[in-house]
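Before any comments, here is the structure.
The values are calculated or read from the model by the stated rules, or taken from the named source; none is laboratory data. Small disclaimer: the values here were computed from a predicted structure and weren't measured. Ideal geometry is used to build each Cβ from the backbone, glycine not excepted, and the neighbour counts take in all protein chains shown. SASA here: full protein model, heavy atoms, side chains in, ligands and nucleic acids out. Shrake-Rupley method; radii C 1.70, N 1.55, O 1.52, S 1.80 Å.
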Amino acid sequence: MTEQLDVATSVKLQLSNGRTIPALGLGTIPPDDNPGSVKDQVIAAVKEGYRHIDTAWYYGSEKYIGEALKELFDEGVVKREDLFITTKVWPSFWHSPEKSLDISLKDLGIDYVDLFLQHWPIALHGNDNGQPTTPKNADGSLVYDDDPVNGTKYIETYHKMEDILDNNLKVKSIGVSNFSIHKLEQFLPEVRSYKPVVNQIELHPQLPQQDLVDYCESRGIVIVAYSPLGGNGAPVLEIPLINELAKKYMVTPNEIAEAYHILNNRGVISRSANLSRIKTITRLPRLTEEELKQLYQVGVEDPKRYNCSSYGYGIGFRWWDGHSLCNL
Ligand SMILES: NC(=O)C1=CN([C@@H]2O[C@H](COP(=O)(O)OP(=O)(O)OC[C@H]3O[C@@H](n4cnc5c(N)ncnc54)[C@H](OP(=O)(O)O)[C@@H]3O)[C@@H](O)[C@H]2O)C=CC1
Ligand SMILES: O=C1O[C@H](CO)[C@@H](O)[C@@H]1O
């Protein structure tokens, strides 16, 4: 079936503000044991044709990405305008998104990002420098600056992001992440000038979140799938159907997991510290509509969420999508 292959890195998706986003992006959550390795991951990915890098102030890897970008620009591999770079403001920095952005820009060594996302729709109690990132009470519960389910302070964060977009060139687009339907229904009527162009959410065959996907896409909000492999250990790649399709199309299971999103006009960001793996997961097998439906069906029967950080609990995974799917 090799004739049924395209190149994933050449697919671009249209954003509601007229800009485009490369469908395949590189995730940059750093490996605990070697955060500096993100530099080589970015270099390998860009040299392999990746043009979309997903990062965040919270990851602590932006300075390594900055080293990679400097090398890539100095060597003439790519220019800044060839890349689509996303960063995010973390809930402990909800009160000062521009300060968070300035730290990211300094560490990345660039003067603008293509997409600035609000990482979670909650307000955590962080100081002027957004610290601590995960404030906890003695009993281990999170310290919020506002009610995590129904509070509205997180909307002030987005308003400040709109001002940044309005007042200068530090960002080209703004969007959100981890916004459930409950949050979007509360938030969208309050947006002043710039509707979010993206909602970045956990999405894979075991977590189709179709109601949320339909809700966003019917409002012109592009879905970008994070943890497409299920995070560490890539549990999503254990799905038998993914491996059957990988054999049929003579590609890696990773490329099936990525094609599941790209062929559905969604972005997808996956991570790997294995440089040879990064270089071998950019083909786009043209799965059939029936095969895409079969992949979707996996999660309808037995949904599973892997990103079970307690922030998710705060935004109501447990309450608003009927089931948290986490062991919270
Ligand atoms: N907005 C948000 O709240 C969030 C955003 N994200 C973004 O999404 C990105 C990707 O999601 P993330 O959860 O990090 O991880 P992924 O779902 O991309 O999975 C990455 C893991 O899968 C492993 N892996 C990849 N391929 C294989 C394979 N063939 N066999 C075995 N293991 C494999 C990798 O190991 P190896 O390194 O050995 O290849 C790595 O441990 C993040 O880096 C981040 O940029 C992620 C979470 C939340
Ligand atoms: O972006 C993020 O990465 C961590 C780990 O997956 C998660 O809590 C946060 O949303």
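General remarks:
- Taken as a whole, the structure places LYS160 among residues that are out of contact with any strand residue (DSSP E or B) (no Cβ under 7 Å at 6 or more places or on another chain) and open to solvent by 50 Å² or more (accessible area, probe 1.4 Å).
- Failed condition for ALA246, given (1) modelled with pLDDT of 95 or more; (2) part of a loop (DSSP other than H, G, I, E, B): (2)
- Cβ-Cβ distances below 7 Å connect the following pairs, each with a first residue in the range 74-100 that is of a type in the set (Asp, Glu), a second residue that is away from ligand 1 (no atom under 16 Å from the Cβ), and a separation of six or more residues or different chains: GLU98/LYS160; GLU98/ILE164.
- Hits in the range 1-50 - residues which are of a type in the set (A, V, I, L, M, F, W, C), modelled with pLDDT under 95 and either within 14 Å of ligand 1 (Cβ to nearest atom) or under 30 Å from LYS195 (Cα atoms) (or both): ALA8
- The range 108-155, subset of a type outside the set (A, V, I, L, M, F, W, C), within 16 Å of ligand 2 (Cβ to nearest atom) and under 30 Å from ALA23 (Cα atoms), residue most open to solvent (accessible area, probe 1.4 Å): THR133
- SER92 vs. criteria over 23 Å from ALA23 (Cα atoms) and small (Gly, Ala, Ser): yes
- Selected residue (criterion: modelled with the lowest pLDDT) from residues of the range 309-327 that are surrounded by fewer than 17 Cβ atoms within 10 Å (Cβ to Cβ) and over 13 Å from PRO148 (Cβ atoms): ASN327
- Some residue of the range 97-113 being among the aromatic types (Phe, Trp, Tyr) and either at pLDDT below 95 or not in a loop (DSSP other than H, G, I, E, B) (or both): no
- For beta carbons closer than 7 Å, sequence separation of 6+ or different chains, a first residue in the range 272-295 that is open to solvent by 70 Å² or more (accessible area, probe 1.4 Å) and a second that is within 13 Å of ligand 1 (Cβ to nearest atom) and among the hydrophobic types (A, V, I, L, M, F, W, C), the qualifying pairs are LYS279/ALA44; ARG283/VAL251.
- Only one entry in PRO228, PRO205 is more than 10 Å from ligand 1 (Cβ to nearest atom) and either of a type outside the set (Val, Ile, Thr) or within 17 Å of ASN307 (Cα to Cα) (or both), namely PRO205.
- Filtered residues of the range 25-36 (kept if more than 24 Å from ALA8 (Cα to Cα) and among the small types (Gly, Ala, Ser)): GLY36
Let's see how each residue does on (1) assigned to a loop (DSSP other than H, G, I, E, B); (2) modelled with pLDDT under 95:
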{"site": "ASN264", "(1), (2)": "yes, no"}
{"site": "ILE269", "(1), (2)": "no, no"}
{"site": "LEU292", "(1), (2)": "no, no"}
{"site": "LEU295", "(1), (2)": "no, no"}
{"site": "LYS304", "(1), (2)": "yes, yes"}
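- Test: residue in the range 185-203 that is in a loop (DSSP other than H, G, I, E, B) and more than 30 Å from GLU81 (Cα to Cα): no
- VAL213 being out of contact with any helix residue (DSSP H, G or I) (no Cβ under 8 Å at 6 or more places or on another chain) and part of a helix (DSSP H, G or I): yes
- Taken over the range 16-41, the residue count meeting the criterion of being more than 14 Å from ligand 2 (Cβ to nearest atom), open to solvent by 20 Å² or more (accessible area, probe 1.4 Å) and in a loop (DSSP other than H, G, I, E, B) is 6.
- Some residue of the range 153-175 being of a type outside the set (D, E, K, R), in a loop (DSSP other than H, G, I, E, B), within 24 Å of LEU83 (Cα to Cα) and modelled with pLDDT of 95 or more: yes
- Residue check for ILE262: under 18 Å from the mean Cα position of the chain (by Cα) and aliphatic (A, V, I, L, M): yes
- Of all residues in the range 142-152, those satisfying the criterion of being in a loop (DSSP other than H, G, I, E, B) and either in contact with a helix residue (DSSP H, G or I) (Cβ under 6 Å, 6 or more places away or on another chain) or not β-branched (Val, Ile, Thr) (or both) are ASP145, ASP146, ASP147, PRO148, ASN150, GLY151.
- Options PHE179, PHE116; residue that is part of a loop (DSSP other than H, G, I, E, B) and either closer than 23 Å to ALA225 by Cα or more than 21 Å from the chain's Cα centre (by Cα) (or both): PHE179
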